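Heads up: the structure comes next, in structure tokens.
The values are calculated or read from the model by the stated rules, or taken from the named source; none is laboratory data. Note that the structure is predicted; figures quoted are calculated from it, not measured. Virtual Cβ from ideal backbone geometry, glycine too; neighbours counted across all protein chains shown.
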Amino acid sequence: MKRRVHAIAGAIGFTMIAMFWTSTAVSELFGSPADIAAVKTFVLWGMIVLIPALAITGASGTALGKKRAGLLIRSKKRRMPIIALNGLLVLVPSAFFLADRASAGVFDTWFYGIQVLELVAGAINLSLMGLNIRDGLVVSGRLRRRKRSRAGI
């Protein structure tokens, strides 16, 4: 049961971050200021689902990882604090700042600087979470690890 909860919560968290990132990029490139403001509001409301999903993923992953050892588990455990700190210290404050500015129609240098920071931090979290998903699938036996040849081919 814990494995299923962990997988579902992790998939929800990853998918939501990917949606936030993609909708932000699309609205910034092709949308109007009203579109950008709507996306920023959507991101804030989405945190009502995202934050509990990530908390459940972290808690269930910690519980599952207590009984396991190995390189993949250690790698997942090393990535998690980076993902959490990046989210709490960069992504959440950025989301509030950007939503406030966008709703006020203030698209200045600060807005775009923080927007770039948010996109970079989001891409980092997506990459780290993707690695954790891959490693989790390998650990669970749902994904086979490719063997490397000695010739490096």
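Of everything in the stretch 61-80, what is of a type in the set (A, V, I, L, M) and part of a loop (DSSP other than H, G, I, E, B)? Give them in sequence order.
First, pick out the residues of the stretch 61-80 that are of a type in the set (A, V, I, L, M): 63-64, 69, 71-73, 80.
Answer for the stretch 61-80, where residues must be of a type in the set (A, V, I, L, M) and part of a loop (DSSP other than H, G, I, E, B): just Ala69.
I'm trying to understand the selection: among the residues of the stretch 94-111, which are surrounded by 13 or more Cβ atoms within 10 Å (Cβ to Cβ) and either out of contact with any Ser or Thr (no Cβ under 9 Å at 6 or more places or on another chain) or over 25 Å from Phe42 (Cα atoms) (or both)? Full working, then the answer.
So the first thing to find is which residues in the stretch 94-111 are surrounded by 13 or more Cβ atoms within 10 Å (Cβ to Cβ), and the list is 94-103, 107, 111.
Ser94, Ala95, Phe96, Phe97, Asp100, Arg101, Phe107, Phe111 - these are the residues of the stretch 94-111 that are surrounded by 13 or more Cβ atoms within 10 Å (Cβ to Cβ) and either out of contact with any Ser or Thr (no Cβ under 9 Å at 6 or more places or on another chain) or over 25 Å from Phe42 (Cα atoms) (or both).
Looking at the structure I just gave you, is Asn125 touching a helix residue (DSSP H, G or I) at 6+ places or on another chain (Cβ under 9 Å), part of a helix (DSSP H, G or I) and farther than 22 Å from Ser27 by Cβ? Can you show your working first?
Numbers: touching a helix residue (DSSP H, G or I) at 6+ places or on another chain (Cβ under 9 Å): yes; part of a helix (DSSP H, G or I): yes; farther than 22 Å from Ser27 by Cβ: no.
So Asn125 does not fit the description; no.
Check Phe107, Phe96 and return the single one that is outside any helix (DSSP H, G or I) and either under 26 Å from Phe20 (Cβ atoms) or touching a helix residue (DSSP H, G or I) at 6+ places or on another chain (Cβ under 8 Å) (or both).
Working: Phe96 fails: outside any helix (DSSP H, G or I).
Checking each option against the conditions leaves just Phe107.
Rundown of residues vs (1) in contact (Cβ under 8 Å) with a residue 40 or more places away in the chain; (2) of a type outside the set (A, V, I, L, M), yes/no style:
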position	(1), (2)
Val26	no, no
Ala38	no, no
Leu50	no, no
Gly58	no, yes
Lys66	no, yes
Ile83	yes, no
Ser94	no, yes
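If a residue must be among the polar types (S, T, N, Q) and modelled with pLDDT of 95 or more, how many such residues does the stretch 111-153 contain? Explain how you work it out, then say what you get.
Going through the stretch 111-153, the residues among the polar types (S, T, N, Q) turn out to be 115, 125, 127, 132, 140, 149.
With the extra rule that they be modelled with pLDDT of 95 or more, the set shrinks to 115, 125, 127.
Here the count works out to 3.
In the stretch 18-45, how many residues are outside any loop (DSSP other than H, G, I, E, B) and surrounded by fewer than 18 Cβ atoms within 10 Å (Cβ to Cβ)?
Residues of the stretch 18-45 outside any loop (DSSP other than H, G, I, E, B): 18-30, 33-45.
Now restrict to residues that are surrounded by fewer than 18 Cβ atoms within 10 Å (Cβ to Cβ): 18-19, 22, 25-26, 28-30, 33-35, 38, 41-42, 44-45.
Of the residues in that region, 16 qualify.
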